[in-house]
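Have a look at the structure below before the remarks.
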Amino acid sequence: MHFVRPLFILPYLYPNAVWRQKEEKDNIFLTFDDGPIPEITPWILDCLKEKNVKACFFCVADNVRKHPDIFQRILDEGHQVGNHTFNHLKGWNTDDAIYLENIEKADQLISSHLFRPPYGRIKKSQLRAVAKKYKVIMWDVLTGDYDNRISPSQCLKNAVNYTRRGSIIVFHDNIKAIENVQYALPRAIDQLQSKGFNFASF
């Protein structure tokens, strides 16, 4: 089952993570997980450039290793980057020492103070350790673009209808998300801007 908003209990269980930014203005935060890959990340960058919007890309470092030119383009065009581990590890299933070592290996290529755990699944012990060095960014709106049971139009509705002041929105630059993100992203940007929201940086 897909939850657009995180379960209400999660921010209390994981207080070291940021689920929604505290904002006085109508700022929101656009993020992408899992890239960079040639199949979709350049298209997303083209879309953001056309809309004059900045985002944060939480990168899998092995993808950065494979596609350094796309990663450099993300930086050159003024977007933020974050650490998403080297091998997209699920914290729940990974020994703490291996998980933390994988994050530090990723940091050698990504070099960011921002971190997002793949799948949002991280042990409390891992989070406590990671939060000593990184700002851990979760989300307030999970569009579901990666889920083939969710239509492009529903993905768009998720992005627009659940966003509020301070929302952290998650799209994906991965293979599974291509159809949904190509439909929903440009329309979501337009509709959210028409509601008066501003896309901000962390």
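Below are the figures for this structure:
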item	result
Filtered residues of the range 1-22 (kept if touching a residue at least 40 places away in the same chain (Cβ under 8 Å) and of a type in the set (V, I, T))	V4, V18
Members of the range 103-117 that are in contact (Cβ under 8 Å) with a residue 24 or more places away in the chain and not in a loop (DSSP other than H, G, I, E, B)	I103, K105, A106, D107, Q108, L109, I110, L114, F115
Pair list, Cβ under 7 Å, 6 or more apart: the range 30-54 residue under 25 Å from Y162 (Cβ atoms), other residue of a type in the set (S, T, Y) and surrounded by 17 or more Cβ atoms within 10 Å (Cβ to Cβ)	G35/T41
Filter result for the condition that a residue is surrounded by 15 or more Cβ atoms within 10 Å (Cβ to Cβ) and either under 15 Å from the mean Cα position of the chain (by Cα) or under 20 Å from Y12 (Cβ atoms) (or both), over I189, I150, I169	I169
Those helices (runs of 4 or more DSSP H) lying entirely in the range 38-102 with at least 3 residues of a type in the set (A, V, I, L, M, F, W, C)	41-51, 68-76
Test: residue in the range 142-155 that is modelled with pLDDT of 95 or more, in a strand (DSSP E or B) and on the phi < 0 side of the Ramachandran plot	yes
Residue within the range 47-57 that is acidic (D, E) and more than 19 Å from A184 (Cα to Cα) present	no
Enumeration of residues in the range 18-37 that are part of a strand (DSSP E or B) and among the aliphatic types (A, V, I, L, M)	V18, I28, L30
Index of the failed condition, P15 passing every other in (1) over 24 Å from I74 (Cα atoms); (2) part of a helix (DSSP H, G or I)	(2)
Residue pairs meeting the criteria (Cβ under 9 Å; at least 6 apart or on separate chains; first touching a residue at least 12 places away in the same chain (Cβ under 8 Å), in the range 61-80; second of a type in the set (D, E) and in a helix (DSSP H, G or I))	A61/D107
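The values are calculated or read from the model by the stated rules, or taken from the named source; none is laboratory data. Bear in mind the structure is a predicted one, so any value in this text is a computation, not a measurement. When we count neighbours, we look across all protein chains shown, and the Cβ atoms used for this are built from the backbone with ideal geometry, even at glycine.
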